[in-house]
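To start, the structure under review is shown below, and the notes come after it.
The values are calculated or read from the model by the stated rules, or taken from the named source; none is laboratory data. Keep in mind that what you see is a predicted model, and the values were worked out from it rather than measured. We place every Cβ from the backbone using ideal geometry, glycine too, and count neighbours over all the protein chains shown. Each accessible area value is taken on the protein alone, full model and side chains, heavy atoms only, with ligands, DNA and RNA left out. Shrake-Rupley method; radii C 1.70, N 1.55, O 1.52, S 1.80 Å.
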Amino acid sequence: LSGADMVVNYFGWDMDTLKTYIDETAYYDPNAASVIYQMMVDMPGTYCHYGLGYVNFHTLRNKAITALGDDFDFVTYNDIVSRNGALPFNILAGAVEEYTGK
């Protein structure tokens, strides 16, 4: 939804363009496009921070997977991330780097 927020409110996509995008790339039912579009118009900026969080978590995990290869363990990684609690991503990145040794 954060991507929808950006493309509707920043790039000015209309509902049909959003529907086409959802049809081609997203896991949502394309019929949901009108509901998603209206949510973005009614509440601009609401979903951006969720998308930014997702991207940061995804990036950290991919860095750990790349650094550790076959030695990467999802349970250990999730423990590292969870044990540290709510942190700014730049500090959490340091904990992940400590875990990977890189």
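The table below lists the values:
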item	result
Residues satisfying the stated conditions in the range 30-45, i.e. loosely packed, with under 14 Cβ neighbours inside 10 Å and either modelled with pLDDT under 80 or closer than 27 Å to F89 by Cβ (or both)	M43, G45
Pairs, first within 15 Å of Y50 (Cβ to Cβ) in the range 1-17, second at pLDDT below 85 and of a type in the set (V, I, T), C-beta under 7 Å, six or more apart	D5/T46
Conditions (1) open to solvent by less than 60 Å² (accessible area, probe 1.4 Å); (2) touching a residue at least 40 places away in the same chain (Cβ under 8 Å); (3) of a type outside the set (A, V, I, L, M); number of the one not met by Y54	(1)
